[in-house]
Amino acid sequence: MLTLTRLQELLERGEFVVTAEVGPPHGSDSRMVITKTDLMKEHCDAINITDNVRGIPTMDSSVCSHLVIQAGAEPVMHISARDRNRIQLESALYGAHALGVRNLLFVTGDHSLLGTHPEAKLVYDFDSIQALQIARHLMSGTDLSGQKLEGIPEFYLGSTFNPYADPIELQIWRVEKKRDSGARFFQTQAIYEISRFEEFMDGVRPLGVHVLAGVIPLKGPKMARFMNRRIPGIAIPEEMISRLERAGSGLTGDARRKAMKDEGVEIALETIEAVRSINGVNGIHIMAVGWEEVVPELVERAGLLPRPR
Amino acid sequence: MIAMELKPIKEILQMLEGYEKIVLFGDSGCAQMCDVGGILQLEDMEELLSSHGKIVLGYVFVEGGICDGNAFKLSVANKMHMLEEADAYLVQACGVATQVVTEALPAKEAFPATNTQFLGSMPERFMHYEKCSMCGDCVLHLTGGICPITRCPKGLLNGPCGGAMNGKCEVNPEQDCAWQLIYDRLKALGKLDNIRKIWDLRDWSPTHKPRKIEVTGDSMMS
Ligand code: SF4
Ligand code: SF4
């Protein structure tokens, strides 16, 4: 079967895939995307561009995806359902395809009450499952009104799941619904505690989809606590937080920060090791937004170099 | 019922600046149940406005709701003299009420004393919880009597989102995840199949404003 993207090709060929996230700038600086892409393009197979995470406005994800292509890498463009209605989504998908974007990843989107623009009017015209259906519909050659398209977009569709979200049975059904709406690959929320992820994967494996396990390296206990409190769907076990604390104990200043970061890298490496051995996990997705420099180190030390050609 | 709150008194005084003789409007429906426009609150408002140099000429208190055209007409019929003498009207009921007064008595301006909030339940006095967004195409028969459009902050139809943990909502950890409630209830009813299937893209056109219902004799229950 013909594959549309490298990401798809590698997954279908059975390679263990590495993707990493670039957070678009909070402003118009296009060089930031290119610099960050350059930093990690040799260490991963595709670069994800997030879409206004938590309702904090950042550069348009299709524009940033285009910049990733210009920098010589393959983008995975995120699309959040939160801020778009179906008219805008159809329009954005035409544009994304025209800019050369082929990998799309649909998320529902964290509620904007959690971000910096809580005053915004919410859209939520559709959820991520219905967004996938819209994308698939366009790929069949007509828009939602049935009008024939002037140029039919083609995409490799993906979405997300959070193995720590409840209720687990219903969350697994949602993965199935996403698959049935066209999603072929999935990225997970950051994995820390392994047994719940394993349990979730038991439900996902029969669905025959590709899964990239999410990895967010921790800089220290403060970041871990902040994430547990403020980032929806994150569950970092208390033991892990005390491990970071212990790593820094007795030290101060830069030495303390470095010791804790090193421990965070160790934890991330252990997590990568653990998820690699779970049947049905086809790769990892590193989300080190604001700490992009760590991506090459992680990939290298996890023994995932060189990346397949 | 329509849940509403009184506006801050400062804002009410600002709107009434330059108007001296005021008539207050309230009703025994939602306005009274929300403790903004019952007789007691009209009395409180009279006292308050008087202490700021206004003259309250009297009240129009509608049994039922100001929104009910007939009830409204009956309530104002013998008060036309007072209404003509007034400089302005202050409506201690919902936004519908202020517009009904505006349309029925256009010679004077009617001002809103409340912020109208939502359609909710009142398990006890002073407690109001939003339950319905008037979507125009009710799905409660499929969701175990729990409204996802209103009680899930994202209005998801294929919920829950990935932020739902331990039965709580990502937006507010004090709040139950509506989809967890729906799941538990449908499970108890043996109807989980209702949410196992994909809910297709929804037609939101029934929510387009302004909406109206005009029932003719033969379209009812036919
Ligand atoms: S589905 Fe919800 S919003 Fe729609 S009518 Fe029913 S209760 Fe109201
Ligand atoms: S946690 Fe539940 S109620 Fe809250 S936004 Fe997500 S699905 Fe909706």
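Things worth noting here:
- Annotation: amide H of B:Ala3 within the under-5 Å range of B:Gln117, B:Phe118, B:Leu119, B:Gly120, sequence separation 5 or more or interchain, hydrogens built in the peptide plane.
- Residue-averaged beta-carbon neighbours from other chains (10 angstrom radius) around A:159-172: 5
- Between A:Thr37, A:Thr252, A:Thr142, the GNM of chain A built on Cα springs shorter than 10 angstrom shows A:Thr252 fluctuating the most.
- With the gyration tensor restricted to C-alpha atoms of chain B, the semi-axes of the equivalent ellipsoid amount to 41, 21, 14 Å, longest first.
- Inter-site label distance for B:Val139 and A:Leu2 at 7 Å from Cα along Cβ, in nm: 3.7
- Per DSSP, loop GluC sites (Glu not before Pro) in region B:127-222 with at most 15 further Cβ within 10 Å: B:Glu174, B:Glu214
- Structure remark: mean-square fluctuation, Gaussian network model of chain B, C-alpha springs under 10 Å; the largest value among B:Ala71, B:Ala188, B:Ala164 belongs to B:Ala188.
- Sites A:Thr35 and A:Arg301, calculated FRET efficiency, Cβ-Cβ separation with R0 30 Å, nearest 0.05: 0.85
- Taken over the alpha carbons of region A:252-309 as equal point scatterers, the Debye sum produces base-10 log I(q)/I(0) values at 0.17, 0.21, 0.23, 0.31 Å⁻¹ of -0.63, -0.89, -1.02, -1.37.
- Amide H partners (placed H, <5 Å) of A:Val76, local residues excluded: A:Ile47, A:Asn48, A:Ile49
- Pairs of C-alpha atoms in region B:114-222 farther apart than 19 Å represent 55 percent of all such pairs.
- Peptide A:128-135 is shielded by partner chain Cβ atoms: per residue, an average of 3 of them sit within 10 Å of its Cβ.
- Stretch gain in nm, segment B:Lys209-B:Ser51, where the contour uses 0.36 nm per residue and the Cα spacing is subtracted: 52.8 nm
- GluC sites (Glu not before Pro) within region A:1-71: DSSP coil, no more than 16 neighbouring Cβ in 10 Å: A:Glu15, A:Glu42
- Average partner coverage of B:147-155, which counts Cβ from other chains inside 10 Å: 3
- Per-residue ³J(HN,Hα) for region A:298-309, Karplus 6.51 cos²θ - 1.76 cosθ + 1.60, θ = phi - 60°, Hz, x for Gly and Pro: 4, 5, 5, 5, 7, x, 9, 10, x, 6, x, 9
- Three principal axis lengths of chain A [C-alpha, angstrom, descending]: 67, 43, 40
- Cβ-derived FRET efficiency at R0 41 Å, B:Asp35 paired with A:Glu169, nearest 0.05: 0.45
- In this structure the amide hydrogen of A:Val17, modeled in the peptide plane, comes within under 5 Å of the amide hydrogens of A:Gly283, A:Ile284, none closer than 5 places in sequence on its chain.
- Dipole in debye (nearest 20) - chain A, about Cα centre, beta carbon charges: Lys, Arg +1; Asp, Glu -1: 280
- Using the 1.4 Å probe convention, the accessible area of region A:1-125 works out to 41 Å² per residue with neighbouring protein chains retained.
- Nearest 10 degrees, 0 to 90: helix B:178-189 Cα axis against chain B principal axis: 60
- With the alpha-carbon atoms of the protein assembly as shown aligned to their principal axes, the span from lowest to highest coordinate is 90, 64, 49 Å, starting with the largest.
- You can think of it this way: the chain between B:Asn166 and B:Arg185 has 5.2 nm of extra reach, that is 0.36 nm per residue less the Cα-Cα gap.
- Residues losing 30 Å² or more accessible surface upon assembly, region B:196-212, compared with the chain by itself, 1.4 Å: B:Arg196, B:Ile198, B:Leu201, B:Trp204
- Kirkwood-type hydrodynamic radius, region A:1-125: 15.1 Å, calculated from all non-identical alpha-carbon pairs.
- Cα-based Kirkwood hydrodynamic radius, region A:68-142, one decimal, Å: 13.4
- Available extension along the chain between B:Asp193 and B:Asp68 is 40.8 nm, counting 0.36 nm per residue and deducting the alpha carbon span.
- Panel note: the C-alpha atoms of region A:101-259, placed on their principal axes, show extents of 68, 41, 28 Å (largest first).
- Modelled this way, with points 7 Å down the Cα-to-C-beta line, the labels at B:Asp44 and A:Ser91 are 4.7 nm from one another.
- Rel. contact order, % - alpha carbon contacts under 8 angstrom, at least six apart, region B:2-117: 35
- Only helical runs count toward this figure. For the protein assembly as shown, summing -39,500 (n - 2.57) over DSSP H runs of n ≥ 4 and dividing by all residues gives -11000 deg cm²/dmol at 222 nm.
- Rounded Å value of the spacing that divides the Cα centres of region A:10-59 and region B:97-160: 42
- Antiparallel %, DSSP beta bridges [both residues in the protein assembly as shown], to 5: 20
- Helix axis angle, B:39-51 relative to chain B longest principal axis, alpha carbon, degrees: 50
- log10 of Debye I(q)/I(0), alpha-carbon scatterers only, for region B:2-117 at 0.12, 0.13, 0.14 Å⁻¹: -0.34, -0.40, -0.47
- Solvent-accessible area per residue for region B:134-199 (1.4 angstrom probe, square angstrom): 45
- Solvent-accessible area lost in complex, 50 Å² minimum, residues of region A:66-110 relative to chain alone, 1.4 Å: A:Arg86
The values are calculated or read from the model by the stated rules, or taken from the named source; none is laboratory data. Here the structure is a predicted model, which is why all the values come from computation and not from measurement. Because the Cβ atoms are built from the backbone with ideal geometry, glycine has one as well, and the counts that use them run over all protein chains shown. These accessible areas exclude ligands, DNA and RNA; they are computed on the full protein's heavy atoms, side chains included. Shrake-Rupley method; radii C 1.70, N 1.55, O 1.52, S 1.80 Å.
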